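Student: There's a structure below that I have some questions on.
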Amino acid sequence: MKKRKLSIPHFQAAAPLAVVCNILLVYVAYSITRLVFFLENIRQYTHLMQWDRAWQMFWAGLYFDSSAIAYTNILYLLLMLFPLMKKETAVYHRICKGVFLVVNGLGLSLNLMDCVYFQYTSRRTTMSVFNVFGADDKVGSIIGLEFLNHWYLVLLFVVLMALLWICYVTPKPIKSVAKYYIVHSVSLLLIGFLSWAGMRGGFWDNRPIRLSTATQFIVQPNDASLILNTPFSMIRTVGKNVYEMPDYYANEEELEKVFSPIHAPFVADSITTKKNVVVIILESFSREYVGYFNKEVLPGYEGYAPFLDSLASQSLTFRYSYANGRASIDAMPAALSGLPMFKESFVAASCATNHLEGLAGCLTTMGYQTAFFHGAPASSLGFQGFTKSTGFQACWSEEDYDADPRTHGEADSDNWWGIWDEPFLQYFRMKMTDMQEPFMTTIFTLSSHHPFQIPEQYKDVFPEGELPIHKCIRYTDHALREFFRAASQEPWFKNTVFILIGDHVNKSNHEEYKRGMNMFSSSLIIYSPSGDITPGMRDGIAQHTDIYPTMLNYLGYDKPYMAFGCDLLSTPADQTWAVNYLDGIYQYAKNGYVLQFDGEKSIGFYKLTDYLMAHNLVEQRSEQQQQMEQEVKAIIQQYMMRMLENRLVPEGKEADK
């Protein structure tokens, strides 16, 4: 008895119709990946659970899918429709099918990978990802782990590719030479024109669609990522300077009257003591995780960081505090150089070579010894290059820890990113004791990071929380407790100001932290053991970019400097502010309100106490809203102008450095 062979359907149609059918298949596959993106991140999109809203998002997504599909299938369309009869062979069309499967398989895989990566960035991946992670040898391991954790996405990719392969339509041969050339020539012109329109996003627009075009269709800022797709986001950022000069103000003199990032030299009557400054950047420490900050937002909530609760109660804190970016690489330019993230992370953008000052460099001119610490390899995330460019005299990493005879070396590695937080914080303490006062140091922790593991000996001590990261927050909080306990015995402790911030916000399990400005709510604590900075929660707004001017003014730095922030110790509460950027939307908080601005117009205006951002007041056009709109325009224009013209340092100062 003969075995039956598996019969694969073989669909045929005239060449133009075959091309159209195959491209429609890709549209269906892209829509499926968007649905999966929505379901995988449904906690971010609970406000879209109504059918009409979700449908609007998916319909708008086709606009950007058309652009991505047209770009990625240029070669395929040309191969299929170019009028040359000699190419019409079975081998040639197998090559065409192979090109079709490869290019569209790549696009689908990018969309599916972003279903997971979006949870940590709240934005679609752009080409900057290669600048950030290109040299990091840990990334391969993380990707491998994610394949295992999200096996169903890998399975879905296989199914989608199988459908594209099985349902692929091959062209029927046309025997008449004249008919062949007429059909192929006309089809190439017509489909080529439609593809050109698809790439641009329409027939009549003067400018092609951009990432920011998605803001036209959104309900909340992070909705833009649902509308976009990853191939489009990457194509639109290939080799491009993402910064563009707006023309809100006609000249620089007019602009300066509204906002200037240049801070005048601070003049003090007398500076008797040069305080040490220690900046502790805590990986993923969202404000949400610390109970002390949630007495008003989440009454009765305890959080996962009891030590930080205690430390915050003895420190200067603020009613509202925000990060200026959504990724680890955004925290250092903000906190140490007063530079927020607009459009693209500074260290990954084309302007990353611009001359930039920093807290370390400024304090070096005042006689400070400076050092940066990170438990990962020296090349990780470009930290070493950034710290050197902004004036740090030393950069201590995993390799230095392993070589120090006072440590356990590689035995303290988490086997993913670097050294566990508890031993590395103790190393940090020992190295500071070796340093000469006054010193300025920064440490960037890493244990509260994907893949969310803690040392084996603590697995029964710090149990799982509602989210995988919660046990890691408990562990790092414990590591901080041990660090401060040991540091308090050091001779330099009381002469030190500690600033603790969360680098960015991570996953949330409370609706109050899934909306607009609240997606940037970050821990910010200023602790002075000597008590010369009065503790207590002030009724104001703080952001990462405030740390740079606050410390320079506090220490009596006597030269001009640039910072997109203010001195928190001397600025009245109603004049403190914060700004950030998410998928085409600038968010500007000041004096009890937050404005959402899409680069052309205000699309949202909310009270800061409206944590769910349920009541949009933008149509009321209040006087404060109009004032804030003018101010955020000035902030944006100053940022773009100085970034594009390499003017991130006050004029005349660069030559003195």
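The values are calculated or read from the model by the stated rules, or taken from the named source; none is laboratory data. Everything quoted here is computed from the prediction, not taken from an experiment. Here the Cβ positions follow ideal geometry from the backbone for every residue, glycine too, while neighbour counts run over all protein chains shown. Only protein heavy atoms, including side chains, enter the accessible area calculation; ligands, DNA and RNA are left aside. Shrake-Rupley method; radii C 1.70, N 1.55, O 1.52, S 1.80 Å.
Student: Would you mind working out the magnitude of the charge dipole of region 471-540 relative to its Cα centre, with +1 at each Lys and Arg C-beta and -1 at each Asp and Glu C-beta, to the nearest 20 Debye?
Tutor: Magnitude of the dipole: close to 220 debye.
Student: Lys/Arg Cβ at +1, Asp/Glu Cβ at -1, dipole of the chain taken about the Cα centre: which of Leu48, Gln638, Pro549 is farthest positive-ward?
Tutor: Leu48
Student: If you count the DSSP beta bridges with both ends in region 331-458, what percent of them are antiparallel, to the nearest 5?
Tutor: Roughly 20 percent of the beta bridges in region 331-458 run antiparallel, per DSSP.
Student: Roughly what angle does helix 177-200 make with the longest principal axis of the chain, taking Cα atoms, 0 to 90 degrees, to the nearest 10?
Tutor: So the inclination is approximately 20 degrees.
Student: Also, quick follow-up: Using amide H atoms built in the peptide plane, which far-off residues or other-chain residues are under 5 Å from Phe605 H to H?
Tutor: Gln596, Leu617, Val618
Student: Using only the heavy atoms of the protein chains and a 1.4 Å probe, how would Phe452, Phe11 rank by accessible area, largest first?
Tutor: So the residues, ranked largest to smallest area, are Phe11, Phe452.
Student: What's the magnitude of the charge dipole for the chain around its Cα centre, counting Lys and Arg as +1 and Asp and Glu as -1 at the beta-carbon? Answer in Debye, nearest 20.
Tutor: 3420 debye
Student: Note down the net charge around Glu254, summing +1 for each Lys or Arg and -1 for each Asp or Glu among other residues with Cβ under 14 Å from its Cβ.
Tutor: -3
Student: Output the antiparallel fraction of DSSP beta bridges having both residues in the chain, as a percent to the nearest 5.
Tutor: For the chain, the DSSP antiparallel bridge percentage is about 50.
Student: Here's something else I'd like to know. Post the alpha-carbon centroid distance, region 351-429 to region 485-504, in whole angstrom.
Tutor: That distance is 16 Å.
Student: Of Val297, Gly198, His408, which is farthest on the positive side of the dipole of the chain, counting Cα position, with +1 on Lys and Arg Cβ, -1 on Asp and Glu Cβ, and the Cα centre as origin?
Tutor: The residue sitting most towards the positive pole is Gly198.
Student: Using Cα positions and a limit of under 14 Å, work out the aspartates and glutamates in reach of Lys514, with same-chain residues fewer than 8 apart set aside.
Tutor: Correct list for Lys514: Asp223, Glu288, Asp610.
Student: Filter the GluC sites (Glu not before Pro) in region 379-471 down to the DSSP loop ones having no more than 11 other Cβ atoms within 10 Å, then list what survives.
Tutor: Glu464, Glu466
Student: Related question: Identify which of the listed values of Kirkwood radius over Cα pairs in Å was calculated from the structure shown: (i) 27.7; (ii) 28.9; (iii) 26.8.
Tutor: (iii)
Student: If you don't mind, another one. Averaged per residue, what accessible surface does region 494-634 expose to a 1.4 Å probe, in Å²?
Tutor: For region 494-634, the per-residue accessible area is 32 Å².
Student: Here's something else I'd like to know. At 1.4 Å probe size, what's the solvent-accessible area of Leu17? Round to the nearest 10 Å².
Tutor: Counting only protein heavy atoms, the figure is 100 Å².
Student: For an R0 of 22 angstrom, estimate the FRET efficiency from the Cβ-Cβ distance between Ile182 and Tyr92 and round to the nearest 0.05.
Tutor: Efficiency, rounded to the nearest 0.05: 0.60.
Student: Would you tell me the accessible area of Trp165, worked out with a 1.4 angstrom probe on the heavy atoms of the protein chains, in Å² to the nearest 10?
Tutor: 120 Å²
Student: Which entries in Lys86/Lys172; Lys633/Lys653; Lys507/Lys601; Lys343/Lys559; Lys257/Lys607 show an alpha-carbon gap greater than 20 Å?
Tutor: Beyond 20 Å: Lys633/Lys653; Lys507/Lys601; Lys343/Lys559; Lys257/Lys607.
Student: So if we plug the beta-carbon distance of Leu17 and Asp539 into 1/(1 + (r/R0)^6) with R0 = 51 Å, what FRET efficiency do we get, rounded to 0.05?
Tutor: E(calc), rounded to 0.05, equals 0.15.
Student: Compute the signed sum of charges (Lys and Arg +1, Asp and Glu -1) over the other residues within less than 12 Å, Cβ to Cβ, of Leu298.
Tutor: Residues close to Leu298 contribute a combined charge of -3.
Student: Ordering Thr33, Thr72 by accessible area with a probe of 1.4 Å, largest first, what comes out?
Tutor: Details: Thr33 5, Thr72 35 Å².
Reading off the accessible areas and sorting them downward yields Thr72, Thr33.
Student: Which order do Asp532, Asp546, Asp402 take when ranked by solvent-accessible area (1.4 Å probe, heavy atoms of all protein chains), largest first?
Tutor: Descending order: Asp532, Asp402, Asp546.
Student: Enter the Cα centre distance for the pair region 509-581 and region 158-193, rounded to the nearest angstrom.
Tutor: Between the Cα centres of region 509-581 and region 158-193 lies a distance of 60 Å.
Student: Using only Cα atoms, find the angle between the long axis of helix 139-149 and the longest principal axis of the chain, and express it within 0 to 90 degrees, rounded to the nearest 10.
Tutor: 70 degrees
Student: I've got another one for you. Going by amide H atoms built from the backbone, whose H comes under 5 Å of the H on Met537, apart from near neighbours?
Tutor: Residues meeting the amide H criterion: Thr317.
Student: How large is the helix-only mean residue ellipticity at 222 nm for the chain, computed as the sum of -39500 (n - 2.57) over DSSP H runs with n ≥ 4, divided by its residue count, in deg cm²/dmol to the nearest 500? Mind dumping the intermediate values first?
Tutor: Values: 20 runs with 263 residues, N = 657.
Computed ellipticity for the chain at 222 nm equals -12500 deg cm²/dmol.
Student: If I ignore ligands, DNA and RNA and count only protein heavy atoms, how much of Lys459 is accessible to a 1.4 Å probe, in Å² to the nearest 10?
Tutor: About 110 Å², ignoring ligands and nucleic acids.
Student: Rank Leu356, His470, Asn229 by how far each Cα sits towards the positive end of the charge dipole of the chain (+1 on Lys, Arg Cβ; -1 on Asp, Glu Cβ) and give me just the farthest.
Tutor: My answer, from the dipole projection, is Asn229.
Student: Give the peptides 279-285, 432-438 in descending order of average Cβ contacts within 10 Å, highest first.
Tutor: Most protected by this proxy first, the peptides run 279-285, 432-438.
Student: On to the next question. Quick check: net charge around Ile636, other residues with Cβ under 12 Å of its Cβ, Lys/Arg +1 and Asp/Glu -1?
Tutor: Net charge in that neighbourhood comes out at -3.
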